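Scroll down for the structure; my scribbles are underneath it.
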Ligand code: DAK
C-alpha cells in the first residue's frame, strides 16, 4: 500500500512495522496522516496472517511531536470536532486490532504523539524518548484520549500533574512511573521491537488474540464479570487445534507447531 505520510512494511512474515513519516514536521499528525493511519490499521486488520504490529516514527528525533499545530490553529469548533473524532478513531482502531500493538518511541512523543503511543498495547522507549502532554501551553486540553489513557497507566495524581503542568518526562522516569515497559539504547530499538514481535508470532495465534481481548475488555468490567469473560475465552481455546498441539508438544517434549486454528 502506498502512503504519503506513512510507511507500512512487513519486515518478516506476519510482523508489521508502521512508521509515521513526516520527519520535517517531527511526524506531527495532520488530518491526511490520520486518514492514512485508518487505512493502514484496516490493512493489518484484514490480514489473517498478522501476528503483531510495531508503530514508530521516522528519523532519530521524534516518534510524533503531536497533532499538527500549524494545521490546527485556524480550525473552527466544528472542524476541531471532526479532527478530534478522526484522532479518536485512530486510537480506538489501534486498540481494536486483535493482535498486539507495540509503540517503539524513538524521540519526542508529545500531545497526540504521547496519546498515539498510549493507544498501543505497550511502549518500548529508546533512551532518547521524551513524553509529555503539553496541550495546556497551546490553550487546549488533550483531545485524543490522553487524559483517560494516561490516568489508567500512571494513576490520577501523576496524570493530573503531567497534564496540568505540561512537564516532559524522559525515558527513565517514564519507566519508573509505568508509562513504558522497557528502555533500550536508541540504536537497538527496532531490533528490540522485532524480537518481541517474533516471540509473539511463535506463540499460538488464537490464544494470543484472546489473551489481548481478555485483558482489554476485562479492564472495563468488575472483577467477577471480567473473570467470567476470561473463563469463556479460556474454554473456547479447547476448540482449537493449537490447544491440542501445544499440550501434546509439551507432553512429547518437543516444540509446538502452531497453525493459528
Ligand atoms: N505540529 C506541527 N509542526 C511541528 C510540531 C507540531 N506538533 N512539532 C514540531 N513541528 C515542526 C516545527 O514547526 C519545525 O518546523 P520548521 O520550522 O522546521 O518548518 C520542525 O517540526 C522542527 O521542530 P523544532 O524546530 O521546533 O525542533 P526543536 O528541536 O527545536 O524542538 C520540540 C522540538 C518537539 C520540543 C518542538 O518542536 C515542540 O515543542 N513541538 C510542539 C510540541 C507540542 O506542543 N505538541 C503538542 C501538540 S498539540 C484535538 C485533539 C487532539 C489534539 C488537538 C485537538 N481536538 C479535540 C480538536 C492534539 C493536540 C496536540 O498534540
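Every number here is computed from the coordinates shown, using simple stated rules; none is lab data. Computed from a predicted model, the values in this text were never measured in an experiment. Ideal geometry is used to build each Cβ from the backbone, glycine not excepted, and the neighbour counts take in all protein chains shown.
Among 64, 85, 183, which comes first, then next, by fewest other beta-carbon atoms within 10 Å?
85, 183, 64
Taking neighbour counts of Cβ atoms within 10 Å as a proxy for exposure, in what order, fewest first, do 45, 76, 225 appear?
With the fewest neighbours first, 45, 76, 225 line up as 76, 225, 45.
Rounded, prolate or oblate: which one fits region 49-139, using the alpha carbon gyration tensor with axes a ≥ b ≥ c (rounded when a/c is under 1.5, else prolate when a/b beats b/c, else oblate)?
The shape class here is oblate.
What is the fewest-to-most order of 175, 162, 223 by other Cβ atoms lying within 10 Å of their Cβ?
Listing 175, 162, 223 from fewest to most nearby Cβ atoms yields 223, 175, 162.
Between helix 205-219 and the chain, what is the angle of the helix's C-alpha long axis to the longest principal axis, kept within 0 to 90° and rounded to the nearest 10?
50
Taking the chain as a Gaussian network, Cα atoms linked when under 10 Å apart, which of 145, 107, 74 shows the biggest mean-square fluctuation?
For the chain, modelled as a Gaussian network with Cα springs under 10 Å, the answer is 74.
Please list the three semi-axes, largest first and in whole Å, of the ellipsoid equivalent to region 151-261, using sqrt of 5 times the eigenvalues of its alpha carbon gyration tensor.
Equivalent ellipsoid of region 151-261: 35, 22, 9 Å, largest first.
Is region 95-197 best put as rounded, prolate or oblate by its Cα gyration tensor, with a ≥ b ≥ c the root eigenvalues, rounded for a/c under 1.5, and otherwise prolate when a/b is larger than b/c, oblate when not?
Judged from the Cα gyration tensor, region 95-197 comes out prolate (a/c at least 1.5, a/b above b/c).
Evaluate the relative contact order of region 71-171 (contact order divided by residue number), counting alpha-carbon pairs under 8 angstrom at least 6 apart; express in whole percent.
26
Could you check which residue among 191, 115, 173 shows the biggest mean-square fluctuation in a GNM of the chain with a 10 Å Cα cutoff?
Among 191, 115, 173, the largest mean-square fluctuation in the Gaussian network model of the chain belongs to 191.
What do you get for the angle between helix 77-96 and the principal long axis of the chain? Use alpha-carbon atoms, 0 to 90 degrees, nearest ten.
Compared with the principal axis, the helix lies near 20 degrees.
With a Cα-only, solvent-free Debye model of region 172-215, what are the log10 I(q)/I(0) values at q = 0.19, 0.24, 0.26, 0.33 Å⁻¹?
-0.77, -0.91, -0.92, -1.01
Describe numerically, in nm with one decimal, the distance between label points set 7 Å from Cα along Cα→Cβ at residue 254 and at residue 84.
5.8
What number, in percent, do you get for the relative contact order of region 117-174 if the mean sequence gap of Cα pairs under 8 Å and at least 6 apart is divided by its residue count?
Relative contact order for region 117-174 comes out at 49 percent.
On a 0 to 90° scale, report how tilted helix 31-46 is relative to the longest principal axis of the chain, with both axes built from alpha carbons and the result rounded to the nearest 10.
Once rounded, one gets 0 degrees.
Defining a contact as two alpha carbons under 8 Å apart and six or more residues distant in sequence, what relative contact order in percent does the chain show?
15
For every helix of n ≥ 4 consecutive DSSP H residues, a contribution of -39,500 (n - 2.57) applies; sum these over the chain, divide by its total residues, and give [θ] at 222 nm rounded to the nearest 500 deg cm²/dmol.
-15000 deg cm²/dmol
Apply the a/c threshold of 1.5 to the C-alpha gyration tensor of the chain and tell me whether it is rounded, prolate or oblate.
The shape class here is prolate.
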